[in-house]
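Take a look at the structure set out below.
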Amino acid sequence: MRTLSLLAVLGLSLVACEPAETPGAGPTEPVNLNTGTEEDFRTIPGVGDRMVHEFEEYRPYSSIEQFRREIGKYVDEEQVAAYEQYVFVPINVDQSDAATLDQLPGVGEAEAAMLAEGLPYGSAEAFLTRYAEVVPDADREAAARYLAE
């Protein structure tokens with residue numbers, strides 16, 4: 001009541017505002033940061049014109065750490081983490097770090113470290129074989145989508 005009285009004295013009124021961006025449900029599958037299109041990026045909650053431009057500007061991404069560092073120039077860590085729920089950096093089976101390997105379905109820090117210890121693998125098939133040993137219940141086909149071509 002006091003706020004409204006003060007506003008009335010100042011000749012001001014409250015106006016309801018809509019959020020600048022309404023979050024959506026997100027993409028049905030994670031978006032490859034190196035090949036995703038503008039339309040793909042726009043399906044990510046909170047991504048507008050500026051972030052689409054920033055996502056595309058730093059291509060090609062070689063690690064998720066690079067993504068965090070570059071996009072972290074524009075948004076806080078919490079927002080970067082929110083974006084990471086919807087994107088991935090393609091995994092080079094011979095050069096990826098543990099943080100990048102951690103993006104794979106079913107992989108946490110311990111599994112990522114185990115996969116990183118095996119580098120280089122020499123082929124996607126050798127990597128996926130090891131992945132299936134480290135994460136036995138994981139979906140090998142889903143993991144293959146994360147691999148760089």
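The values are calculated or read from the model by the stated rules, or taken from the named source; none is laboratory data. Bear in mind that the values here come from a model prediction, so they are computed numbers and not experimental data. All Cβ positions, glycine included, derive from the backbone under ideal geometry; neighbour counts span all protein chains shown.
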(request) Test GLY106 against the criterion of being at positive phi and either assigned to a helix (DSSP H, G or I) or modelled with pLDDT under 95 (or both), and give yes or no. (result) yes
(message) Return the residues of the stretch 125-149 that are part of a loop (DSSP other than H, G, I, E, B), within 19 Å of VAL87 (Cβ to Cβ) and of a type outside the set (Asp, Glu); say none if nothing qualifies.
(response) ARG145, TYR146, ALA148
(request) Could you run through the stretch 90-118 and say how many residues are β-branched (Val, Ile, Thr) and either more than 19 Å from the chain's Cα centre (by Cα) or farther than 20 Å from ARG68 by Cβ (or both)? (result) 1
(request) Could you grab me the full set of residues in the stretch 15-47 that are surrounded by 10 or more Cβ atoms within 10 Å (Cβ to Cβ), at pLDDT below 95 and either farther than 23 Å from ALA144 by Cα or in contact with a Leu (Cβ under 8 Å, 6 or more places away or on another chain) (or both)? (result) GLU21, PRO23, GLY24, GLY46
(request) Taking VAL52 as the residue in question, decide whether it is buried (at least 16 other Cβ atoms within 10 Å of the Cβ) and over 13 Å from the mean Cα position of the chain (by Cα). (result) no
